Amino acid sequence: MEKKTFYITTPIYYPSGNMTIGHTYTTVAADTMTRFRRMQGYDTYFLTGTDEHGQKIEKKAAEAGVTPIEYVDKIVAETKELWKLMDIEYDDFIRTTEERHIRIVQKIFRKFYEQGDIYKAEYEGMYCTPCESFWTPTQLAEKDGVKVCPDCGRPCQPMREESYFFKMSKYQDWLIDYIETHPDFIQPAKRANEMLTNFLRPGLQDLCVSRTSVKWGIPVDFDEKHTVYVWIDALSNYITALGYGTDHDELYRKYWPADVHLVGKEIVRFHTIYWPIMLHALGLPLPKQVFGHGWLLFGADRMSKSKGNVVYPEPIVARYGVDPLRYYLMREMPFGADGNYTNESFLTRMNADLANDLGNLVSRTVAMIEKYFGGAVPAATDAVDPQTDLPLQEHCARLPVLVSEQMDKLQFSQALSEIWKVIGECNKYIDVTQPWVLGKDPEKKDRLANVMRNLAECVRFTAILIGPFMPSTPDRIFAQLGIEDAALKNWDSLNAFGKIPAGTQVHKGDALFPRIDVNKELEALSGGKEEKKAEKAAQKQEKKAEKQEKKDSKHDEPEYPAEIAIDDFFKCKIQVARVLACEKVEKSSKLLKFRLGLGEDGERTVVSGIQKWYEPETLIGTQVAVITNLKTAKLAGIESQGMILSAMDKNGNLRLMSVGEGVEDGAIIG
C-alpha cells in the first residue's frame, strides 16, 4: 500500500542577518510536524531555505565590503549550522540564487506575460526599502505625523519607475469565492477574515513584479533592463524546489500541493493573496493550507536589533541542550497567537515541566522497579484497583488520539499539554498508590507489581509521543526503561496499553533534566544587568503586593468611582481557566503559583495571594475566572500573566469565583 504524502514548508528566510529565535520557532514547528507525520507512517517532505535577492541585500553587502553572493553565502552557511544544532532535519534547502530556481522563475514570468497576466507600465508611489514593498497613499500608516510603511512602521520614499505589473484585480472575485468556500485554507480563521476585510473586498491593486533600479535579482529574460521583483521570485520556491517546470518533476508530481505553508502573520497576505492567484494563473492547484502563526515577542515587545532585544538560540542550546529549547518553543504559546519569550519563563518551564514532572516520573519509576523487583519490570497480576489503575490505563491508551487531534490542527502547545496531563496523572498515581507502603507488605506484592507496570508503560507511551518535539530525549528514557526493541518505540506500538515485556531490565541513569537555580541562571544569561533590573522590579512589586494585602486584611473597602462607563468594564478580558498545576511559592507564606489552561488560547502562569485559604492540590482540575489582559507583573520574581477573581465575606473568608459545569476552558465571561 502506497504511503500518504505530507509536504510542509517554512517561509524562505531573508538572510540580511543571522537567524534569531523567531526564525527558529517556525523551523522547529515545521520539523516537529514532519517528525510527527513520519512517525505516523507518512512519506514526508520538508522544505526550508533563503530568499536572497533584493535591494536590502545589495545595501548590506556594500556596507560589509563584499559582493551580494559572498554576503549571503556566509549567512546561509551559518543558518544551516543553526538548523543542525537545533536537530532540524529538512529534506531540501532552496536558495533563490540557485540556477535550478532562476531558470524556472524566468519561465513562469514569461508565461504570465504571454498569457496577458503581466503588462508594462510606469509606477509612481511610496516605496519601503526594508520590506521591499510599494504602497498607495491610502495604504500608508501615520506615525508622529509622518506617512510610514504599514508593515514595519519605517519611512517610505517616493519612487517613479517603469515596471511590469501583474493583474491581481482580474482574479479578485475568484479568490474571495475560494477563501469563502474553503474555510481550512487560511488558518487561524481570523487571518482569513483579515485578508477578506482589509485587502480583497476593498479591491486589489495590480502588483508591481519587476524593477529597473535593482540589479541583484533574476533578470527578465525578454527585457533584461528589468529584474524580477520579490514575490514571483520568492513565492515560486515552493514548486521550483520540487522540480516544477523541468524534465525531472517527480517530486512535484508526488508532493504538490503542499499540505501546509507555515508563515509568520506579517507575510500571510503574500501567501494567501499573491501566491494563490499566481498558482491559479499557472493552472496549478493551491496549497491545502496556509497557517499564519504569531510573533515570538521578547518581554511582550517585538524583537528588533535596533532595540537590542533579539534572542539567539546558540548560547541557550550551549548551556541547556537543544531539547529544552525545542520543548519550550512548542509548549509556551498557542501556535497562531503571539508568544512571549523570556529567559525566566524558559528556565521555569525547564524546572517545572522537564525536571519536576517528566524527569521525576522517569526517575521514580525506574528507582522503585529496581528497589522492589530487582530492576525487572513485573508481569501483570489480578490485583487491579479499578478506582486508580483503570482510569490511568484508559487515559494513557487514548493519548495518541488526543495528541493527533491537536497536531492535526497544528496546536503543538495543546498536544504537549495532553501528554503532560498523563505525566501529571502518573505522578499523582504514585502519591495515591504509595508504592513505598505497598513494598513493606509481602501480601501486597501483586498490587505493587501492577502499579509499577502501569507506570513503566505510561513512561514508554510518553517517550514515543514526545519524540517529534524533543528528538534526543526518548532514547535516554528507553535506555533507563531497558527497551531495545524498535517495535516498542514506534507509533504502531501505541495501539494497545501494556506491551512492555515482563522481565525488561531497567537501568537507572542520570537525571534527564537536572533542576537548576533560576536566579543564578538568569544572572549567567543576562550578564547580571537584566537580572538586577528584574530583581529591583520584583522587589518593588512585592512591596506593593504586601501593602495591598495588609489593606485587604483590614477589610478596607477599595475606593470605587461612583460610576463607570460600560466601555471601561469591557476593557477587562475575563475568561474561564482550568487549573492545570498549582504550588506554593518558595519563601512566601501568601502566594500560590498557578498554571492555567485557556483552551485554544493556550496556557499562562498566574500568581495569587490566596495561600491562606487554599491548599494547592485541592485546586488542580477546577475552573476559575481570570482577567487575562492585565499587564504582566512580577510577584516573588515570577511573571504573573493575569488575575484570578475571588470574593471575601465580612468574616474574612475568601472564595474563588467559578462558573457552572460544562463551560469550556477559555470561554469569555461578560
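The values are calculated or read from the model by the stated rules, or taken from the named source; none is laboratory data. Note that the structure is predicted; figures quoted are calculated from it, not measured. Reconstructed Cβ throughout: ideal geometry from the backbone, glycine too, with neighbour counts over all protein chains shown. Note: accessible area is taken over every heavy atom of the protein model, side chains too, but ligands, DNA and RNA are not part of it. Shrake-Rupley method; radii C 1.70, N 1.55, O 1.52, S 1.80 Å.
The figures follow:
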| read-out | value |
| --- | --- |
| Carbon plus sulfur fraction of accessible area for the range 323-399, probe 1.4 Å, in percent | 51 |
| LYS444 versus ARG160: modelled label distance in nm, points set 7 Å from Cα along the beta carbon direction | 9.1 |
| Projected-area mean, the range 433-519, by convex hull of Cα positions, square nanometres | 7.7 |
| Cα lying deepest toward the dipole's positive end in the chain, options ILE232, TRP295, THR212, charges on Cβ | TRP295 |
| Dipole in debye (nearest 20) - the range 118-207, about Cα centre, beta carbon charges: Lys, Arg +1; Asp, Glu -1 | 100 |
| Approximate shape of the range 74-137 as ellipsoid semi-axes (Cα gyration tensor, √5λ), whole Å, largest first | 33, 20, 9 |
| Spin-label model distance (nm) - ASN495 vs SER213, 7 Å beyond Cα toward Cβ | 6.4 |
| Dipole of the chain [Lys/Arg +1, Asp/Glu -1 at C-beta], most positive-end residue of ILE516, GLY602, THR96 | ILE516 |
| Reciprocal mean inverse distance between Cα atoms of the range 104-214 - Kirkwood radius, Å | 15.9 |
| Whole-percent carbon and sulfur share, accessible surface of the range 434-519, 1.4 Å | 49 |
| Kirkwood Rh, angstrom, the range 201-264 [1 / mean 1/r, Cα pairs] | 14.1 |
| Net dipole in debye of the range 376-470 [+1 Lys, Arg Cβ; -1 Asp, Glu Cβ; about Cα centre; nearest 20] | 220 |
| Mean-position separation - Cα centroids, the range 389-418 and the range 594-670, in angstrom | 24 |
| Extension gain (nm, one decimal) between GLU600 and LYS371, 0.36 nm per residue minus Cα-Cα | 78.2 nm |
| Residues GLU617 and LYS520, FRET efficiency given R0 of 41 Å [Cβ-Cβ distance, rounded to 0.05] | 0.90 |
| Distance in nm between pseudo-label sites at GLU63 and LYS107 (7 Å out along the Cβ direction from Cα) | 3.7 |
| Length added when fully stretched, ASP43-ASP151, from 0.36 nm per residue minus Cα-Cα | 35.2 nm |
| FRET efficiency estimate (nearest 0.05) - Cβ-Cβ, ALA487 to ARG100, R0 45 angstrom | 0.65 |
| Projected-area mean, the chain, by convex hull of Cα positions, square nanometres | 35.0 |
| Extension gain (nm, one decimal) between ASN193 and LEU630, 0.36 nm per residue minus Cα-Cα | 154.7 nm |
| Computed over the range 6-110, Cα set: Rg, Dmax in Å | 15.1, 49 |
| Antiparallel DSSP beta bridges within the chain, percent to nearest 5 | 70 |
| Values of log10 I(q)/I(0), in the order q = 0.14, 0.16, 0.20, 0.23 Å⁻¹, for the range 163-251 under a Debye, Cα-only, solvent-free model | -0.72, -0.88, -1.05, -1.09 |
| Paramagnetic reach from LYS3 (point 7 Å along Cα→Cβ, amide N under 12 Å) across the range 254-291 | none |
| For the range 329-396, size of Cβ-based charge dipole, Lys and Arg +1, Asp and Glu -1, in debye | 240 |
| Accessible heavy-atom area order of VAL263, VAL384, highest first, probe of 1.4 Å | VAL384, VAL263 |
| Unit charges at the beta carbon, dipole of the chain: most positive-side option, SER646, PRO137, ALA581 | SER646 |
